[in-house]
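Contents: one structure, followed by commentary.
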Amino acid sequence: MDYIKWSEEYMENAEIIKSNIDKIQERIKNAPPEKKSTFYELLGKYRTIYYESLKTAEFLRNRSVESGTRCRIM
């Protein structure tokens, strides 16, 4: 797999995660007060995964640029 393709896969996953974040935020708006803390905890976890996916995609893209080729890995 090359770095560019790998980076694109991370970006695609980040988009899916972002969609889930949006859904959780909507559920928080309508959730009873006793459930909101559970949703906020879940939201925090999803945001962490989302930002890690973005950073990993950026790292892989930069790695490809640094090497000047579409490096094959695995």
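Summing Lys, Arg as +1 and Asp, Glu as -1, what charge do residues with Cβ under 13 Å from the Cβ of Y51 carry, Y51 excluded?
Once all neighbours under 13 Å are counted, the net charge is +2.
First select every other residue whose beta carbon is under 15 angstrom from the beta carbon of N30; then total the charges, Lys and Arg +1, Asp and Glu -1. Each step should come with its number before you reach the end.
Numbers: positive: K23, R27, K29, K35, K36; negative: D22, E26, E34.
Local charge sum for N30: +2.
So which aspartates and glutamates pass the test for K5, namely a Cα distance under 20 Å, with those fewer than 8 places away in the same chain ruled out?
E15, E52, E58, E66
On a 0 to 90° scale, report how tilted helix 33-67 is relative to the longest principal axis of the chain, with both axes built from alpha carbons and the result rounded to the nearest 10.
That works out to roughly 10 degrees.
Could you work out which residue, out of E58, E12, E26, moves most in a Gaussian network model of the chain, that is, has the largest mean-square fluctuation with Cα springs under 10 Å?
Result: E26 has the largest fluctuation of those listed.
In terms of modelled amide H atoms, which long-range or inter-chain residues lie less than 5 Å from the amide H of D2?
It is I73, by chain and number.
Check the straight Cα-Cα distances from K23 and name the lysines below 19 Å, setting aside those fewer than 8 residues away within the same chain.
Reachable lysines: K35, K36, K45.
Where does helix 3-30 land angle-wise versus the long Cα axis of the chain, in degrees 0 to 90, nearest 10?
10 degrees
Each value in this text was obtained by applying a stated rule to the coordinates, not by laboratory testing. Since we're looking at a predicted model, the values are computed, not measured. All Cβ positions, glycine included, derive from the backbone under ideal geometry; neighbour counts span all protein chains shown.
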